[in-house]
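A short worksheet on the structure shown next.
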Amino acid sequence: MVKKGKMLKRLVPVLILAFIFILIGCNKNDDDVTLIKQLLDDSHYTQESTTAVTDDSSSTPSQEKYPDSILSWVRWVRRIERPVTRHIDVIVNGDSAVATITALLTGTPPNYGFFVKNLTDTTRIYKRTISDSTRRQVKLYKSANGWRIVAITVCNMNTVNGYAPITINEIKAEVPNRSYVFRLTDPAKFITKESLPTFLPNDTIQVTVTISVAGDSAWAFLHRGIGGIRIRRPFSKTGTNTFTRTWIVPEEAVTPPVVRHSAFDIIGWQTLYGDSTATYCSRAWGLPYIIKRTTDTIPE
């Protein structure tokens, strides 16, 4: 039999080597996580501005007159508190990784929040507190040139403990003259950059949103980010829970190829038209879109 002392002498170098390998592995993993977080902060597809595409950065309700008769007199803006703190959790498995990006978009009156003027009192601005959680996941892979994004989900924005939970059942974007259709029904679905909504510089797009709301009705709005400027337009209601509008790409005056950001924003009826006792409730899907010519490559 081998004596205990000799066994310990043999085991010590093995244990030291194992400990060194563990340290090296941990350091490598930490380096990968740092690189991935930096990529997600820098990428046009996932950077911080993508979580705030529904922010109007103003506390003065818009004076725009919506053509739809039901929305003929409501003015509102949403102003969130900045900077937005994003939490990025990364799980690395060899040369692949999944990152989960979460954030809380808050707005506390009097300086921040949801500001609305409506028919309840056309001279008064009602101020409602915002508390929206956001979540997006990202798949990545590691090549010889470093980490790259493979696919993303929508940025799923939802009011925390909203008075009337809102569900987006489907968003659809169609360009009829070239038989192009983008359709999404699941906010957890991973979408590659090749599968993101992709439009030509001269496209006219028909957008349809289908929703369901528990305990209230709601209205849909479309946000687009254009060079740091937010454009918001209401949809027209074409069914009990269906909204449509036309999106004209030439209005954006882009130099393709370019990545832009959109949000399909659903706001509770009481949020829009309630009095001072009403609270805020919304649901939104934020999604990048690409404008490019047929000869252009998709931006990295």
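The values are calculated or read from the model by the stated rules, or taken from the named source; none is laboratory data. Keep in mind the model is a prediction, meaning the values are calculated, not measured. Note that each Cβ is placed from the backbone with ideal geometry, even for glycine, and that neighbours are counted across all protein chains shown.
Within segment 58-141, which strands (runs of 3 or more DSSP E) (wholly inside it) include 3 or more residues that are crowded, with 20+ Cβ neighbours inside 10 Å, of a type in the set (Phe, Trp, Tyr) and at pLDDT below 90?
Filter on segment 58-141 gives an empty set.
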So, in segment 250-274, exactly how many residues are buried (at least 18 other Cβ atoms within 10 Å of the Cβ) and assigned to a loop (DSSP other than H, G, I, E, B)? 1
Please work out if Ala284 is at pLDDT below 95, in contact with a Cys (Cβ under 9 Å, 6 or more places away or on another chain), closer than 20 Å to Ile80 by Cβ and of a type outside the set (Phe, Trp, Tyr). no
From the list Thr134, Thr159, Thr192, pick out the single residue that is over 24 Å from Tyr45 (Cβ atoms) and within 19 Å of the chain's Cα centre (by Cα). Thr159
Out of the residues in segment 42-55 that are over 18 Å from Ala151 (Cβ atoms) and surrounded by fewer than 19 Cβ atoms within 10 Å (Cβ to Cβ), which is modelled with the lowest pLDDT? Ser49
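Kindly indicate whether Thr242 is without any contact (Cβ under 8 Å) to a residue 40 or more places away in the chain and over 16 Å from the mean Cα position of the chain (by Cα).
The answer is yes for Thr242.
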Pull up segment 142-170, narrow it to residues that are among the hydroxyl-bearing types (Ser, Thr, Tyr) and part of a strand (DSSP E or B), then point me to the one that is modelled with the lowest pLDDT. Ser143
Sort out which residues of segment 223-249 are among the aliphatic types (A, V, I, L, M) and surrounded by 19 or more Cβ atoms within 10 Å (Cβ to Cβ), and write them in order of number. Val249
Pick from Thr122, Thr102, Thr108: which is free of Cβ contacts under 8 Å to residues at least 40 places away in the same chain and within 20 Å of Gly274 (Cβ to Cβ)? Thr108
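Name the single residue, out of those in segment 197-244 being outside any strand (DSSP E or B) and of a type in the set (D, E, K, R), that is modelled with the lowest pLDDT.
That would be Asp216.
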Looking for whichever is part of a loop (DSSP other than H, G, I, E, B), at pLDDT 95 or above and of a type outside the set (S, T, N, Q) here; the options are Ala188, Ala173. Which one fits? Ala188
Scan of segment 173-187 for residues that are of a type outside the set (D, E, K, R) and touching a strand residue (DSSP E or B) at 6+ places or on another chain (Cβ under 6 Å), ordered by number: Ala173, Val175, Val181, Phe182, Leu184, Thr185, Pro187
Go through (1) farther than 30 Å from Phe264 by Cβ; (2) out of contact with any strand residue (DSSP E or B) (no Cβ under 9 Å at 6 or more places or on another chain); (3) at pLDDT 65 or above for Ile24 and report which single condition fails. (3)
Which condition from (1) crowded, with 20+ Cβ neighbours inside 10 Å; (2) under 27 Å from Asn161 (Cα atoms); (3) β-branched (Val, Ile, Thr) is the one that Ile291 breaks? (2)
